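Heads up, the thing below is written out as C-alpha cells.
The values are calculated or read from the model by the stated rules, or taken from the named source; none is laboratory data. If you're wondering where the values come from, they're calculated on a predicted model, not measured in any experiment. Ideal geometry is used to build each Cβ from the backbone, glycine not excepted, and the neighbour counts take in all protein chains shown.
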Amino acid sequence: MNYNINNNVAIFYHTLENAKNCKVMFADGSVYWQKTIPNTVHWYIIGERKKLYLDEKCEQLADVTRADKIKECKRLGLIKG
C-alpha cells in the first residue's frame, strides 16, 4: 500500500489547528490539564508527560506531577499496578 506523504502532512496540519490541551481525570476524581506539543518534524502531537496544569490554557502549573498522582491512586487502591 502506498501512502501519499502530502496527504499525511495536510491531515497533520488540519489536526494541529484543532488540537487542544487535554483534560486528565484521575481515579480519585481530581481533574488537571496536560499541554499538547506538536512535533512538526515527524508530524505527531504528544502531551507533556510529567507536568500537570490547573487551567485549560496550561498557564498555572499544578503542585503535583502525573507520576505522583498515579502513585497516590495506587496507594489508595483505586488502580492496580
Every pair of residues 6+ apart whose Cβ atoms lie under 6 Å, when the first sits in the range 34-47 and is closer than 10 Å to ALA19 by Cβ while the second is at pLDDT 75 or above and not in a strand (DSSP E or B)
THR36/ASN21
Pull up the range 29-57, narrow it to residues that are more than 11 Å from the chain's Cα centre (by Cα), hydrophobic (A, V, I, L, M, F, W, C) and at pLDDT 90 or above, then point me to the one that is farthest from GLY77 (Cα to Cα).
LEU54
Among the residues of the range 39-81, which ones are acidic (Asp, Glu) and not in a helix (DSSP H, G or I)?
GLU48, ASP55, GLU56, GLU59, ASP63
Out of (1) modelled with pLDDT of 70 or more; (2) exposed (fewer than 12 other Cβ atoms within 10 Å of the Cβ), the odd one out for ASN6 is which?
(1)
Qualifying residue in the range 19-28 (condition: in a strand (DSSP E or B), at pLDDT 70 or above, surrounded by 14 or more Cβ atoms within 10 Å (Cβ to Cβ) and not hydrophobic (A, V, I, L, M, F, W, C))
no
